[in-house]
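The structure appears below as C-alpha cells.
The values are calculated or read from the model by the stated rules, or taken from the named source; none is laboratory data. The structure presented is a predicted model; accordingly, all values stated were derived computationally and were not measured. Don't worry about glycine lacking a Cβ; one is built from the backbone with ideal geometry, like all the others, and counts go over all protein chains shown.
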Amino acid sequence: MAIIETKGLSKSFKTRRGLVEAVKSVDMTVDEGEIFGFLGPNGAGKTTTMRMLSTLMQPTGGQATVAGHDLLQEPARVRENIGYVSQAGGVDISMSGRENLVLQARLYRVNQATAKERAQELIVALQMEDFADRSAKTYSGGQKRRLDIGLGMAHRPPLLFLDEPTTGLDPQSRAHLWEEVRKLRNEGTTIFLTTHYLDEADALCDRLCIIDNGVIVTEGTPDTLKHQVAGDVVTLGLETHNGALMQAQALLGKQSFVREIQVDKDVLRLYVERGETALPQILRVLDGAGIALQTIALARPSLDDVFLRQTGRSLREQAA
Ligand SMILES: Nc1ncnc2c1ncn2[C@@H]1O[C@H](COP(=O)(O)OP(=O)(O)OP(=O)(O)O)[C@@H](O)[C@H]1O
Ligand SMILES: [Mg+2]
C-alpha cells in the first residue's frame, strides 16, 4: 500500500534573477512501513519536496496523496497524520526534553495526562532516560537529534518526515540514530528521510530515490540500484610464472556468467552479474583445472557508482 504518491509534483520559485525550478515533475511512490530515502547533493530539491509533502509549502504543479489524503484538498488531514523534523530541528533549549515532548503532544490537543504518558513512552523508545529531565541546552548533537525525532513522533503519526536526520553527528551517534529509526519502522511507522550520505542511504533505506537538479534520476532498493551499474567485481590473485593466470583467464573468459575480464599484473578482474553466485562457480572452474588461487575478493559497486552513472558526477567528490 502506498502512503505517499506524487504525480508531476513541482515547485518553482520566482526570484529577482528569474525562475528557480527546484523540483521538476516528481513522480514517486512510498510504501507503507518502509524507510524511504531521498539521496542527492546540496540544492537537489530534497527539502523542497519534503516541505511540499508535509504541507509546509504549496506546490506550483502536480498533485500528491499523503497518508490517505489529497495534499491540496485536505492539507489539515494530511498534517494530522504526519510528523516532520526539519533540517534545523525544533527543540526549545530553555526546557528539558520531557517538557518539550509534553508541550508538543499538547499542541496536538492531547490532554495533559495523556501527553505525559506519551512523553514517557518516547523517552523509553528513543533511549533518552539518562538526559530527558535536564535542560536541552546541555544536550549533545546526537541527544538533541533524538529529541527532534521524539517531537516528530509526539502525536504518533503513521508517517514521519526526517530532513537530514544525522547531518553533523559523529559516527557513533549516527549509528545510534539509525537504530532508533529502524525501531520506529519495525513498530509500524513509515519513514521518509533525506540524506546526502551515501552510506546512510545504503545502510538505512529499504528503498530510495536519487534526486539531482530537481529531477529523480533513479529509484529502487540500494541493492538493485547497485546491481544496475555493472554487476559485481571479483578479483583473483594468481601465480604468473607457472602460467596459472593466463590459463585462468582463458578458462574463465569462456564462462557465460563473466561479462568482462581484465588482467592487471598478477590479478584477474572479473565483472559478473551477481558476485555471490559467481564465487562458487569460479572456484569450481579453477579447481577442476587444478589452478591454485592465491587470493579472492568480491567488491560491490557503491551508490556513488550509481550516482556517477546517472549524472556523470560523483556525489562523494561533491561532498568533499
Ligand atoms: N525560497 C526559495 N527561493 C528561491 N530558491 C529557493 C528557495 N528555496 C529553495 N530554493 C532553491 O531550490 C533548490 C533546491 O533547494 P532545497 O533546499 O530543496 O535543496 P536540498 O536538496 O534540500 O539541499 P541541501 O542538501 O543543501 O539541504 C536550490 O537551488 C535552492 O537554492
Ligand atoms: Mg535540504
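When D266, D287 are checked against the criterion of being at pLDDT below 90, closer than 20 Å to A244 by Cβ and outside the structural domain of I211 (by TED's automatic domain parsing), a single residue qualifies: D266.
Screening K226, K254 for residues that are surrounded by 19 or more Cβ atoms within 10 Å (Cβ to Cβ) and of a type in the set (D, E, K, R) leaves exactly one candidate, K226.
The residue of region 182-203 that is farthest from A67 (Cα to Cα), among those that are touching a strand residue (DSSP E or B) at 6+ places or on another chain (Cβ under 6 Å) and part of a helix (DSSP H, G or I), is A201. The single condition from (1) closer than 29 Å to A2 by Cβ; (2) under 26 Å from the mean Cα position of the chain (by Cα); (3) in a loop (DSSP other than H, G, I, E, B); (4) aliphatic (A, V, I, L, M) that M128 fails is (1). For region 1-25, taking the residues that are among the hydroxyl-bearing types (S, T, Y) and in contact with a strand residue (DSSP E or B) (Cβ under 6 Å, 6 or more places away or on another chain), the one that is surrounded by the most Cβ atoms within 10 Å (Cβ to Cβ) is identified as T6. Which residues, taken from region 282-319, are part of a helix (DSSP H, G or I) and without any contact (Cβ under 8 Å) to a residue 60 or more places away in the chain? Scanning region 282-319 gives I282, L283, R284, V285, L286, D287, G288, L308, E317. Among the candidates Q87, Q58, the residue that is touching a helix residue (DSSP H, G or I) at 6+ places or on another chain (Cβ under 9 Å), within 14 Å of ligand 1 (Cβ to nearest atom) and under 22 Å from G150 (Cα atoms) is uniquely Q87. The number of residues in region 26-53 that are at pLDDT 95 or above, over 15 Å from A67 (Cα atoms) and surrounded by fewer than 17 Cβ atoms within 10 Å (Cβ to Cβ) comes to 1. Of all residues in region 211-237, those that are more than 29 Å from L293 (Cβ to Cβ), part of a strand (DSSP E or B), touching a helix residue (DSSP H, G or I) at 6+ places or on another chain (Cβ under 7 Å) and not β-branched (V, I, T) total 1. Counting only helices (runs of 4 or more DSSP H) that fall entirely inside region 1-111 and contain at least 3 residues that are within 16 Å of ligand 2 (Cβ to nearest atom), the qualifying elements are 46-53. The residue that is surrounded by the most Cβ atoms within 10 Å (Cβ to Cβ), among those in region 154-174 that are modelled with pLDDT under 90 and not in a loop (DSSP other than H, G, I, E, B), is R174.
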